[in-house]
Amino acid sequence: MILKRILLLLTVLLFAPVDGGAADGGIVIDGSTTVGPIAKSFAAYFTGRYGVPVTVSESGSGNGAKSLINGTCDIAAMSRAMKSREIAAGATKGVSPKEHVIALDGIAIVAHPSNPVPSITKAQIAAIYQGRITRWNAVGGPNARIVVIQRESNSGTQGSFRELVMGKGVKITRDAETQASNGAVKNRVSSTPGAIGFLGLGFVDSSVKVLGVNGVMPSPATIQNGSYPVSRPLYMYTDGEPKGEVKRFIGLPETVDGKRIVEELGFIAK
Amino acid sequence: MTAEHKESAVEAQATATRDIYIPSERASVSGGGRPHVVAKDFSIYYGDFQAVKKVNADILSQYVTAIIGPSGCGKSTFLRAINRMNDLIPSCHTTGMLQFDGEDVYGKLTDEVLLRKKIGMVFQKPNPFPKSIFDNIAYGPRLHGMTDRKQLQAIVEKSLRKAALWDEVSDRLDRNALGLSGGQQQRLCVARTLAVEPEILLLDEPTSALDPKATAKIEDLIQELRGSYTIMIVTHNMQQASRVSDYTMFFYEGELVEYAETAQLFTNPKDRMTEDYITGRFS
Amino acid sequence: MNLGTRKILDNSFTAVGMGSIVVMALALLVVLTPIVYNGVGSVFFTGTIEHRTMLYKEFGRGDAKAIETQTATADRYRAEAYRMLSDFEQEMEGMSLEASRQYRSKYAPVRAAMSSLLGPLPGDPVPMLTRFQYGQTRWEKAEEKLHNILYEKKWDYSDPTVMAKAFDVPRAEEFAGTKLAPLFSYAERHLADMMQPQFTVYWGFFTDRSLDAHIFGGIWPEIQGTFFLAIGAMLFAFPLGVIAAVYFTEYAKEGFFTSILRSANSTLAGVPSIVFGLFGLAFFINTMKVSESKSVLAGALTLAIMILPTIIRAAEEAILSVPKTYKEASLGLGSTKWNTIVTVILPAALPGIITGGIISLGRAAGETAPIIFTAAVSVGSAIGIADVFSSPTPALSWNIYNLASEHEMASEIRHVQYGMVLSLVSIVLLLNLSAILLRAKISQKLKG
Ligand SMILES: Nc1ncnc2c1ncn2[C@@H]1O[C@H](COP(=O)(O)OP(=O)(O)O)[C@@H](O)[C@H]1O
Ligand SMILES: [Mg+2]
């Protein structure tokens, strides 16, 4: 009896969408976890303002690119530029990815807050990630082992980091530990005294210590004027020139509200 | 059947007496006696193993035919061949000829489903469906297209009455059949078979899982049904065979050793083997 | 073996058995207690006036009058704190350049902490993001933020050769002698006055949409998505699985082909679920194009493939355990094979089939990997039944993972994450419980 009533209630609830149901022709965004906060906040803003449903998946820059190429998303959010390989793959399927820079982001090099090292050089970071430097005392810190943390190969942040810090074709040491998201890197670094990792600036909080690079701390000012060396644009890609609602969405970073959202999230408006 | 008979049935089960039992004279059935099932050089194999060997026999309509013989001699195999129950065993195949009403049971064009409707079977262990008593009896008629509730009720009552179960269960037809006693379950199975109005009733050791009292009831039932149906009963119990049957077949290691009127087979067996068996020199 | 040793062996076996049961129960307790405790905290908690204001403004719920009076009281106490801030800001204007620069860099975190506790400060523009439009909505979080106002967490980096130790510096000391100094004791004394804490039961946690990527609001879209996916998977997998099981048990001739099929089925049962996810993406979305993008349909199909082997196996077992005599009885009455299967064998096997089905349903509800690429999104609204063919959906399993690892404010919304975990565990338990009840009921009916 009670079981039946619960079932009835469930059915009624299930078939009653809270928002009156998503209209057809919503915008589908897939891709980077780093761009995730911007994409999600833009989505909420856009849906609230124009009534167009927007869904956001955070499956990594690489998967975002694949989705766009396969025609299963409208916008690929990426924390790195599309590779020529991906563009070529798109061409074979009749997809021509068009790049839109939506914000700037610094890649913060982070360590455990107890780490006394204030700043290191780009060359030292590269040496650490190649496995040539393995102890903190080599960069002016205590005699402790460095726990190297990287992102998975699908990550755009990983791609940018390798390009900006390591240089083309330089391999990362096999001792490096892989974490699958910015949040996971942050968790690991904040709980491991000897750790070093890298994060999108928007994910930094007081649980980790940001290291200066070549003596420059990442901040909106240093990233905008280019003095912080490890920064990159964040992108959204569309198939060809965007049209209709997608065009309006892609235009958000140019609007006053869009810029404020980007800044409130800790990224740098372009 | 008299009270004496029942008593001796009890005794037979309890002490397995080895005396030859002399069956009573039995009245002939009017309108019966035509060959209903006919076997000609009929053999049954499980793979290479020949379980039933070149049987030749006419089974007469409206009479009760018992099949006796030691365990493993092929009684069940032969019985189950008649309504093609052996089709369930993939390795099982037959040679020779088996006819039902002049039709080849194993012919290419024979519809085994129709055949089984005409040749009902009751098994060693009572096997009612896990459904209500009513649904058990109505299963067959429903299967063959009867949907009218009134008609179904009528046929359920008729079948239960024929199986001498009506008085015991008429007030609880909607109860699950598995709640009945073993003897009641077996009579229910008989009733279920009767509900599809078969011509032949095959009974494979129908009382071996029952207590003496329930056994007596089933034996009474067979007497009731004699004359209306052609009945074949496999039994381990020679007293039972002599009590209920008109004809008896004795199987030994797959061969039909002797087939005669029951009274004659038990009083005056032609074959040494038969005599040894019925006098209990081996079993 | 003599009687003595036998007894000792028996007793020690009993002891080991009991011991392992106790260990298992304890392990379960250790796992479930924090889930239940923290999960319940997402519905029952001490909420502040910010929570009530947020609910009223964003969802139109609450007692407007009460909120108004409480806000008025809170604002009275907050005004005093705001006055101290602006007094200090004026004081800094009059300081020497060097002193003012020093104070400014120390003051910025205080201001940020105040705004995090109370919401936008007077004079600040209204933030774009909902998360910054309100102060702390939960009392325990408010207390945490108060700590950030009162103390600065510092690390002693004076000796670069050792790992530093953390220590708290009271900000009251750092601002001693300025007009900001009284703020700290004031905030400590009047935290409750400024926040108006009140025991809150927020059932909306289960029925509200999420706001600003789960920072406020509820988890209804996730709950609904979970049901859609699990039930959708069932709609495909259950009939298919039962039919396949019937084929295996009743129709398939033992042979090469059948044994290939059988071992394929067993292998499938052992494949990691992420493989199904990738298969679902490649097959259902990219090849079959069942939907333009991720969708409930694609996810349900993928989950269906994943649970199919389990359902087939359970149904096979159940069918094989039906006594052969039922089949003989039915065939003996002139029933066809098909009819026998439908009217006798399947009903008798139903309890076992249903048990397998519902265990699979629970698994479909709980799996993350198969839906990552086929159905799940981090943000999306609750969808209608008509949208399942084209729209993706949030789902508990995926969003728990997302909140645990990817969300930029993960540490601020642990309660939401725990609430989702509790919901998922409850849903799976509920499904299993209903399986047990249903099974018992049917078995009862079969037994008579
Ligand atoms: N399914 C089967 N597969 C192979 N051999 C069988 C099978 N069923 C019965 N047999 C064999 O066939 C012979 C006759 O069996 P059965 O007819 O059951 O004997 P009875 O009913 O007279 O005791 C026995 O030797 C038995 O082992
Ligand atoms: Mg037998």
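The values are calculated or read from the model by the stated rules, or taken from the named source; none is laboratory data. Every value quoted in this text rests on a predicted model; they were computed, and no experiment measured them. Here the Cβ positions follow ideal geometry from the backbone for every residue, glycine too, while neighbour counts run over all protein chains shown. Ligands, DNA and RNA are stripped out before the accessible areas are found, and what is left, the full protein with its side chains, is counted by its heavy atoms. Shrake-Rupley method; radii C 1.70, N 1.55, O 1.52, S 1.80 Å.
Some notes on this structure:
- The residue of the range B:46-77 that is farthest from ligand 1 (Cβ to nearest atom), among those that are of a type in the set (Phe, Trp, Tyr) and surrounded by fewer than 17 Cβ atoms within 10 Å (Cβ to Cβ), is B:PHE49.
- Checking each residue of the range C:245-255 against the condition of being more than 14 Å from chain A (Cβ to nearest Cβ), more than 17 Å from the chain's Cα centre (by Cα) and crowded, with 23+ Cβ neighbours inside 10 Å gives at least one match.
- Within the span defined as the range C:343-358, one or more residues are touching a residue at least 24 places away in the same chain (Cβ under 8 Å), more than 9 Å from every other protein chain (Cβ to nearest Cβ) and under 23 Å from C:GLU222 (Cβ atoms).
- Close pairs (7 angstrom Cβ cut-off, 6 or more residues apart or separate chains): within 18 Å of B:PRO198 (Cα to Cα) in the range B:91-105, open to solvent by 60 Å² or more (accessible area, probe 1.4 Å) and within 16 Å of ligand 2 (Cβ to nearest atom) anywhere: none
- Failed item, numbered, when A:ILE149 is tested on (1) modelled with pLDDT under 95; (2) away from chain C (no Cβ under 12 Å): (1)
- Within the range C:360-396, the set of residues being farther than 22 Å from A:SER41 by Cβ, hydroxyl-bearing (Ser, Thr, Tyr) and open to solvent by 10 Å² or more (accessible area, probe 1.4 Å) comprises C:THR368, C:SER390.
- Helices (runs of 4 or more DSSP H) enclosed by the range B:161-266 - at least 3 residues per element that are within 16 Å of ligand 1 (Cβ to nearest atom): B:238-244
- Listed by position, the helices (runs of 4 or more DSSP H) inside the range C:104-190 whose residues that are more than 30 Å from A:VAL256 (Cα to Cα) number at least 2 are C:139-150, C:171-174, C:181-189.
- Of the criteria (1) buried (at least 18 other Cβ atoms within 10 Å of the Cβ); (2) touching a Gly at 6+ places or on another chain (Cβ under 8 Å), which one C:ILE353 fails: (2)
- Residue in the range C:126-139 that is surrounded by fewer than 16 Cβ atoms within 10 Å (Cβ to Cβ) and closer than 23 Å to A:SER207 by Cβ present: no
- The condition (being assigned by TED's automatic domain parsing to the domain that holds C:GLY225, more than 19 Å from the chain's Cα centre (by Cα) and under 30 Å from A:GLY71 (Cβ atoms)) is satisfied by just one residue among C:ALA386, C:ALA375, C:ALA395: C:ALA386.
- Of everything listed in (1) β-branched (Val, Ile, Thr); (2) at pLDDT below 90; (3) not in a helix (DSSP H, G or I), the single unmet condition for C:THR258 is (3).
- Residue-level analysis places C:LEU211 among those that are surrounded by 16 or more Cβ atoms within 10 Å (Cβ to Cβ) and not assigned by TED's automatic domain parsing to the domain that holds C:MET84.
- Count - residues of the range B:78-110 that are of a type outside the set (S, T, N, Q), more than 8 Å from ligand 1 (Cβ to nearest atom) and away from chain C (no Cβ under 13 Å): 15
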